[in-house]
Structure formats: structure tokens, C-alpha cells
1. I'd like the distance between the alpha-carbon centres of region 126-191 and region 544-577, rounded to an integer number of Å.
2. Which longest uninterrupted range of the chain lacks any GluC sites (Glu not before Pro) assigned by DSSP to a loop state (not H, G, I, E or B) and surrounded by at most 13 other Cβ atoms within 10 Å?
3. Would you kindly derive the ³J(HN,Hα) couplings of region 610-622 from the backbone phi angles with the Karplus curve 6.51 cos²θ - 1.76 cosθ + 1.60 (θ = phi - 60°), listing them in order in whole Hz, with x for Gly and Pro?
4. Enumerate the lysines that K561 could reach by cross-link, defined here as Cα to Cα under 20 Å, with residues fewer than 8 away along the same chain left out.
5. If I stretch the segment between S297 and A327 completely, what's the gain in nm (0.36 nm per residue apart, minus their alpha carbon distance), one decimal?
6. Could you state the angle between the C-alpha long axis of helix 761-771 and the longest principal axis of the C-alpha atoms of the chain, as a value from 0 to 90 degrees rounded to the nearest 10?
7. Tell me which lysines have Cα within less than 26 Å of K54's Cα, excluding those fewer than 8 residues away on the same chain?
8. Could you give the nm distance between label points at K280 and N253, where each point is 7 Å from its Cα heading toward the beta carbon?
Amino acid sequence: MKKALYIIGVVLAVILIALYVILFTSFGNKIVASYAEDKIRTLSGLDANLSTFKLRFSSLDVALDIANMAQLKVEGNLSLFSLGFDLNYLLSLDKNYAQKMSLNLKDNLNFGGKIAGKASDFNVSGNGALFGSNVALNARLLDYSPLELKLSANGIKIEELLSLLSKPSYVKGNININADIAAKDLKPEGNAFINLATNSINYDLLQRDFNLSLPQSNLSSNITIFMKDQDINAKSETLTSYISLKTDKTHFNLANSVLDTDYTLLVPDLSKLEKLIGSKASGNLNLDGNASIDLNSLSLLQELQAKLIGKDIKFANLNLNSFHLNANAKGEGSKINYNANLKSNLANVPKLQGFYDMKTQELSLDTEAKIDDLNEFKSIAGQSLQGSVSLNASANLLGSVIKSLKADANVAGGTINASSNGKSLDLSINKLDLSKVLAIVAQPSYVNANLDAKAHLSSLDFSKLNGSYEAKSSGTFGAKALSAMLGKTFPANTQFNLDLKGDIKDSIAGFDLVFKSDLANLESFKGSFDLNKMLLSSTFKLNAYDFSKLGFLAERKLSGKAVFTGNLDFDKSIKANINSENLYQGKLSASLINNAFKANIAGVDFSSMMKGLDLPDYYEGKASVDVDYNLASSSGNASANLNNGKLKNVGLVKTVSTLTKSDLTKDSFSEAKVNAKLSANQIGLNLNMKSPRVSIAINNGTINSKTSTLNLPLTLGVDKASFKGTIKGTSANPSINIDLGSVLKSAADKFIDDKVKEKGAKELNKFLDKLF
């Protein structure tokens, strides 16, 4: 027995000696320091160096460097038997090294203070400069939970916080955080205040990065917090000039992690949000409600109540005189049950109810909706509307899979019926007035037509859809709405007829479309579209049987006709080929890849093309035209080869022939080329034409493509005479201004060449050059 006790005593002694060597000697400290460095590197992914690590029975001295960016120093006294400590600490962050880690700091960060007490009950105090604020902290932790807190952090710069995260300076302003929470009977009690105020907002950056067009207004927010034991109560108010959010009774229980709050959101004047919503608006909105959130529940939501009231609202040309929305939701485990109803002068939803399961992603929906008088939407449709709309629908979905569906809608006599048993789906649309449907979804009346359609899906697996569909529609285009959209005068009473049919196999939809109208006929548009890969492959045949019908698009009188064929594909970008065998007696070959449009018209009759495009018809002959144009930048180049053609005795040509007393129409131009530089508002023009007797040149001329204004410097050579001038006016009514000096100079040169051969002619020529 004594021997056994002796052995145990020796073992314990060895263990104690080993622990002492490992923990409290220089040799052991090196082992611990090396282990700690490896652990920090593994957890943070940053290089760590414990330059100092000295642990003794009664003291601790540690110096840690992280990636040459942050330094932590801790030194002071320890009491290992009572687990007590009295330590000083200093945390430093170098701004230059921090930038290498994509952390942008305006100044170095330094925060230091004291940690004193026992492991289960200690105080932390400190102060330092952080983000433009002189921060002071004094806290007590009991059983590793905060018990007391005194914090002063005023003037924290929002822009420095954004910079730290390498974000642009969207907002400039200050945040003030102050807390005074003391211990009463070992329970925390006190208050805290948080204040935020902006003094500058960069609206251009918000538009660029988030596509937000916010009204100009600074933001202020105040939060007041009252804490007593396990209960935290708060009030908050956030204000701008266009919206406010307020909570009066927010309560969070630390024991059960349940948050209860009320809320009021007020938009006093919707007109201030027109830039944000992209439409004219007026009126006001008021949202009130209560919410209860359980952080321990899978659904999070315990209960939600919301009431939205709108008054005298005008939006998208709609008058919403009254608007009342009531919504309620309640959580039960992973399931959220909901119900809502809407009352307004435009539409009513007396029933909207169901549930959503957060765990299984099951959604159940049962709803009724109706519009009593479609004429309430006449301001959008641009015409009087008669009839009413009703909808009854129920559905059950599991994720994105339809388990059951039944929907019946009546739109002023037109019907929509859809049903599914989870395995197949049938859709039927009969005599649906599209102008009324567009009005309901707040869109102008682009068409006045009825739609009939049928579809059957024999499988609902979206990766392998199978089925068939067909649709027919006929009516007229909405001239008023299309004129506003295009910025052109769309012809009134333009009729159209659409016939579409197709099959779906393994989620690839084949289609065959014929679209005929008073403007042009799309005689064939056939192909397939992969619904999963978003790939389009198609061919088309477009019969533009009368260009005069399309003149409104170019805002000029067009004439001619042509049939265009080709293909249209899409695989992340558009790719198209367009061909025509007889475009003004020429052959067109064109392509469109993304925004790059290239075209060649070979053997085109130049006179016919100019007449057809309602441009001055001064030249007859065959031409070859090349175009290279970028649709995105509205810029490009065009060139034309007009060799072996002749001028026509009309307009400016006739005027110039009279001035020069020479018939320019008898000359065949063996060399005739035009180059144009195209931009959004201007065409730069260079022209060079030569025959044995006549030369015509335009260098750096311009045509304003919006106003058709001309500025074309002209150099004309006829026989041995040379003239200069400028073509002005518009393409419809051009005029020419001849430089009188060039005319006199040319006449004098000719006289000298014909009559003056004696000595002195050379000197006279020099004199005339200086004179003219």
C-alpha cells in the first residue's frame, strides 16, 4: 500500500513538474507561443507572431503582431490560485498596413486600458481614438455576461466606417453611442442612446451602384433604449423629408429571445418619390402594425399585424381615392399562416389566405379578387372601358413544383381558366380583351384586340416540360399609346392578325408564328427556344410589301418593297443574319452580333434607292454600299462605290450646269466614292467623283441627321476651270453658294492659258493667286 501511494505521489510530482516547465519557464513558454501562433494563423488566415510571451505564477507579458497590421500588448499581474488578474492592454492598428488588407483607415487606431478582477467577475476599461471618435469604455462582466456598461462614443464618422470596408463614400455624417447601465441587486439597469445624422449623401454613387434615385434629403435617426434585468425596451424614430419610420413600444426579452414591436411608416407626399418609383405620383401612405419575432423558432415570426392606408393617391394616371390593406400572419413552428384583404375604389381582394412552411417550402394560397368597374382604368387605356373583373384561385406548391392549381378569371366577358393536378396543367383563354388586361396592369392600350389561346403540359418537371400550345389574336394597334412610346406618329386603325402554335419537348419550345398587318407581314417565324438554357434558334421571312406604310418610322415618304429572310439566334447575346435578293434591284447581306450591325448592298440602283428613301435623286448608276454601325453607341461608318454612273439634270446639278455653262450629265464618272462617318446626331461626309472632264469633291462635309441641315464644302472642276462653294439648306431644299473669288480666278487662269503666252505670264499668275 505504501509502495502504491509512493508511486502515485511520484507520478503527480512528475505531472506538476511537467506542467510547471511547460507553463511557467522560458522553454515551456516557447512551446505555448508556437502553438498559439499556429492556432491564430489557422483561425484568422493571417500571419501571427508572438514576439513576447512570458507567463509566470504572478505575471503575464504578451506582445502579439498580426500581419504587421495589428499589435496587441498585454502585461500585468496574475493570481493563479484565486484566478485573479490585473492587466493593462493596448490594441493598435496601423493604417498603412491595413490598406494592404483592403481596410482603408484615415488614422491609426489605438485603444488601451485595464482588465481587472476574477475570471467570473471582472471589469474592462479603456479609451482611444476610433473612426474620428474619442471612445471611453467601462464595463463589468459577471459570469461572462455584461452586467454594467458605461460607454461614450460620440462623433463616429460614417464615411470612415465605409472606408474601412473599402466602400465608396455614399454617406457622410456622425453616429453617437452613449450607454449608462449599472448593476442593481446584481441585475443590469440603465439606458442607452444612439443617434445618427447625415450631412452629405452622394446620390450619383447610389444611382450607379444600387440604381436608386433618392430624393435629396439628409437622414436622422434616434434610438432610446431602457434596460432592466432581462427586459430591453426601446423607442426609435428615423426621419427624412419624404419618409419617416417610428417605433414606440419595442421590447426584447433576453431570457426567451422574443422581440415584440410596433411600427409606423409614413409617406406624407408621394410626389417626392417620383424619381424613385419612375412615375408621377401624389397622395400619402400610412403603414401601422405590430410584429413579434422568436429567435428560437424556425419560422422566426410569431405574429405580424399590418394596416396600410392610402388617401388621394394618384399613380401612373390612376386615381386611388381610397386604399385599405389589412394583413395578418402567425407562426406555428416552421409554418406561417397568413391572411389579408384589400379594399379600394379600383380593386378589392376580400380573401387572400394560406400558409408557408419554412422547413418544407410548401406554399398554400386561396384568394378572391374583383374589379367592379373597369372604367376606373380609362385614364390609362385612353378610352372608356366597360365591364368587371373577377378572380378565384387556389394553389399548392412544394418549392417550385405545382401540387395543385385551380384558377378562374372573368375579364369583361373574356375568360381565363387554369387547372392542374400536380402531374399536368391545362390553360384556356377565350375572347380576352388585351386592352383591358393592359389597363389592369397599369399599361397603356398598345393594342385593341382579343386573344384566344390553349396550352397543355403533360408534365410539370421544369427540366423536362412536354406539351403543346396555340394562340390567335386579331385587332388594331393602339395608335395613341404607340405614338407616345415611339416618339413617332403611328398610323391610326392599323390592323393585325397573329397565329402562333408550337410543341414543347424536354423543355425545348418549338414555335411557328405568322403575323400579318397593314404595315408588313411576318410570313414565317419558326424555331425553338430552350427554356432551361435560354437559347433561341430561328428563321424568319418578312415581307415589307410597301415601304410607304413604314414611312412614319423614318419620318419621311418612303417607297419600294422587299422581302427579307434570315435567322435570329440568342445565346447570351443576339446574333442575326438578314438577306434580301431584291432591295432596290440590289442584293442585301447583313449581320447583327450583339450591337454590331454590318451590311452590304451589292448592285443597288442608286437612283431607285434615293427615290425610295425620299432623298435628292441626282445620280443614276449601280452602287455597292457597305455599312458598319454600332447600335449601342449610335456610331459607325458607311461607304459607297458609285463608279461608272452619271449625274441627272435636276436640282443642284442643273443649277451648277447653268453656272458653268457645261452639261455635267454627259459625263460618266469612272471613279465615284462616298465615305460617311455616322454618329447619333451628325453625319460626316466625304465625296470624290472623277471623269475625264469633270471632278467633284466634298471634304469634311456635315449633315445634321435630326434637322437634315447641310454644310458641304464643294470643289468642282470642269474642263480647266475650278470652282469652290458650299451646299447649304436642308436635304429637302438644298442651295449652293459659289465662292465668287474662285470663279474670277478660274476665268482669269483660263484667259491667261489661252491668250497670254508672252513673257510675264508667270508673274501675272502669282499676282492673281495673291489677289484671289
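Every read-out reported here was derived from the displayed coordinates using simple, explicitly stated rules and does not represent laboratory data. Only a predicted model underlies this, so the values are computations on that prediction, with no experimental measurement involved. Neighbour counts run over all protein chains shown; Cβ positions are idealised from the backbone, glycine included.
1. Cα centroid to Cα centroid, the span is 66 Å.
2. So the longest stretch without any such site is 1-554.
3. So the J values, rounded to whole Hz, are 5, 5, x, 8, 6, 10, x, 9, 10, 9, 10, x, 8.
4. Partners within reach: K516, K541, K549, K587, K611, K622.
5. Going from the current span to full extension adds 8.7 nm.
6. 50
7. By straight Cα distance, K54 reaches K30, K39, K73, K114, K118.
8. 5.3
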